[in-house]
1. By a straight-distance test (C-alpha under 23 Å), which lysines pair with residue 249 as possible cross-link partners, with residues fewer than eight away in the same chain excluded?
2. Could you estimate the translational diffusion coefficient of the range 1-142 from the Stokes-Einstein equation, with Rh from the Kirkwood formula over C-alpha pairs, at 4 °C and 1.567 mPa s, in whole µm²/s?
3. Report the label-to-label distance for residue 182 and residue 298 in nanometres (one decimal), using points 7 Å from each Cα along the Cα→Cβ vector.
4. Could you name the aspartates and glutamates in cross-link range of residue 118, using Cα to Cα under 20 Å and dropping any fewer than eight places away on the same chain?
5. Treat the chain as a sphere of radius equal to its Kirkwood radius over Cα pairs and apply Stokes-Einstein at 37 °C in a medium of 0.692 mPa s; give the translational diffusion coefficient in µm²/s, rounded to a whole number.
6. Local charge sum around residue 43 (other residues, Cβ-Cβ under 14 Å, Lys/Arg +1, Asp/Glu -1)?
7. Measuring with a 1.4 Å probe in the full set of protein chains, what accessible area per residue, in whole Å², belongs to the chain?
8. For n ≥ 4 DSSP H runs only, could you compute -39500 (n - 2.57) per run for the chain, divide by its residues and tell me the 222 nm figure to the nearest 500?
Amino acid sequence: MSTGRGAANGRLRALVLGAAAGGGFPQWNCNCANCADVRRGVRGLEPRTQSSLAVTANGAEWAILNASPEITTQLIRTPALHPADPASVGNRHTPIHTVLITNGDIDHVTGLLGLREKQAFRVLGTAEILAVIDQNPIFQALDRSLVRFEPVALDEPFALVPGVTATLFPVPGKVPLYLEGETVVTDLEGENTVGVDLVGPSGERIAYVPGCARMTGRLKDRLAGADVVFFDGTVFTDDEMIAQGVGQKTGRRMGHMAMSGPDGSLDAFRDIPVKRRIYVHINNTNPALREGSSARRTVEEAGWEIATDGMDVTP
Ligand code: MLT
Ligand code: MN
Ligand code: ZN
């Protein structure tokens, strides 16, 4: 192919479009130590946009896993996701074949509105997540004669893009913030929060779990043997937002297990055999964002990486 997209290399590839949690890094209204310092250009901190991963096996057809509010910026700065050569495809084209949504959170669905320009693609998710999107009239901006909403059953493999088989699996989590009632179950296992198992042409495996309220035996079994796991790195300490004076909620209340602590992901992963583990969906308060911090050392010594925007991962 003449577009330099590396078509037909036939290997699973994931590009981190945005590594931050809801709010981004820095968050527009936040003066926590990380946000204030990254705004001032302090070394060791790098801005990050909100949560999204792009996946391909042939370099020409891509799936976007979660559509972040910054999707248009993310696409502009990612040449692999630009329209192909107009000489071959005309004046409207996108390599985006499918958008897959893992929960109904604002940081994962609002980017669909940025893709509203009479362009054909598929939107996949569980029936429950797609219903939440569909019930909101603003998403009628996506012309349904072009944009197909296709519900996917849990635990049933399906073709995500050419060369990539995906399976959605339930992950403990909660309903989106805007659907919370009086009482909130923060670690429900069902269709509201899912992880994605991705298998490439040679059997290489990536698991993507940007939100997880707690580790379960079933989830450990599901992740075991993956070449790469992208996992919920929202907070380092469960109460860090409270301790930093920027919120009243714990990570647990938001449906996110912390990295540290007895119920944290660092401990949980010690006995899960995976080759490479990468934190994504990182909240701006997380001290592990800062290179050289003790939290960053703890994470790295446990074998984890902290995702950055633009990180290009091939298992
Ligand atoms: C979350 O991951 O907890 C949500 O994105 C929070 C939010 O919607 O602001
Ligand atoms: Mn989020
Ligand atoms: Zn902040």
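The values are calculated or read from the model by the stated rules, or taken from the named source; none is laboratory data. Bear in mind that the values here come from a model prediction, so they are computed numbers and not experimental data. No Cβ is skipped: glycine too gets one built from the backbone with ideal geometry, and neighbour counts run over all protein chains shown. All accessible areas refer to the heavy atoms of the entire protein, side chains included, with ligands and DNA or RNA removed. Shrake-Rupley method; radii C 1.70, N 1.55, O 1.52, S 1.80 Å.
1. Partners found: 174.
2. In µm²/s, the coefficient is 79.
3. Reported label-point gap for residue 182 and residue 298 is 3.8 nm.
4. Here the aspartates and glutamates satisfying the reach criterion relative to residue 118 are 61, 70, 85, 134, 143, 150.
5. Numbers: Rh = 19.6 Å.
The diffusion coefficient I find is 167 µm²/s.
6. Numbers: positive: 39, 40, 290, 296; negative: 37, 46, 291.
Cβ neighbours under 14 Å give a net charge of +1.
7. Working: 13090 Å² over 315 residues.
Here the per-residue accessible area is 42 Å².
8. Numbers: 9 runs with 52 residues, N = 315.
Rounded to the nearest 500, it is -3500 deg cm²/dmol.
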